[in-house]
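Contents: one structure, followed by commentary.
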Amino acid sequence: SGYRKNHGRAPKGIQSFFEPIIVFIRDEVAKKNIGPKYERYMPYLLTVFFFIWFNNLLGLTPGAANLSGNIAVTMVLALMTLVITLASSNKYYWAHIFATPGVPKPLLPIMIIVEVIGIFTKPFSLMIRLFANITAGHIVVLSFISLVFIFKSWAVAPVTLAFGLFINVLELLVAVLQAFIFTLLTSMYIGGAVEDHHDADMQMGYDDGSASTHVSH
């Protein structure tokens, strides 16, 4: 409804806040990493980004739930990425795993094991990275606060308060950064699964064309 009301005009209110973020995820993350088939994955990428971002911010609110600091939550997000990646994979993706180009045949059995393990280590790293970074920030803040009780003196309170506040403000940046990294890596994994030779050839042709045009100018 907002687009109908503001047709032909600059967005207003909450629309002006979310639209640049959505456009950024679309142009700089989805399009660049997934390619021509990016549109079908935009709902998931946007959901993951805003879900992680807002829950990271929620975790910084006193008394609120810290969902991103729960490894069960990050595991579910990583598993969803794994399922979508495998469900979107094509024959070129599996050919790269079971017949890695340029690898001598005697080494293929070893490479197959490595590639299969890589399928599961990627979402595992997503799970651990998000959980560890969010948990680490909370532990540091609690550590500064606990110094008051360790030294049993209110004299250290101003110092612990200052450092704790600094880390808490830094966590505001970490909140959006971790959401972006999770979304970026997810799009890269999906892009690797849906990419085929035709897309690669088109991209190479585009790059060559751009380069030749640039040289001619």
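Assorted remarks:
- Restricting the first member to the range 111-132 and to residues that are more than 16 Å from H96 (Cβ to Cβ) and assigned to a helix (DSSP H, G or I), and the second to residues that are open to solvent by 50 Å² or more (accessible area, probe 1.4 Å) and small (G, A, S), no beta-carbon pair is closer than 6 Å while six or more apart or on different chains.
- The criterion of at least 1 residues that are touching a residue at least 40 places away in the same chain (Cβ under 8 Å), closer than 20 Å to L185 by Cβ and not hydrophobic (A, V, I, L, M, F, W, C) is met by the following helices (runs of 4 or more DSSP H) wholly inside the range 12-83: 31-34, 42-59.
- Subset of the range 14-29 [closer than 10 Å to L46 by Cα and touching a Ser or Thr at 6+ places or on another chain (Cβ under 7 Å)]: I25
The values are calculated or read from the model by the stated rules, or taken from the named source; none is laboratory data. On a predicted model such as this, the values are computed, not experimentally measured, just so you know. With ideal geometry, Cβ positions are generated from the backbone for all residues, glycine too; neighbour counts draw on all protein chains shown. To get the accessible areas, we keep the full protein, side chains included, count just its heavy atoms, and leave off ligands, DNA and RNA. Shrake-Rupley method; radii C 1.70, N 1.55, O 1.52, S 1.80 Å.
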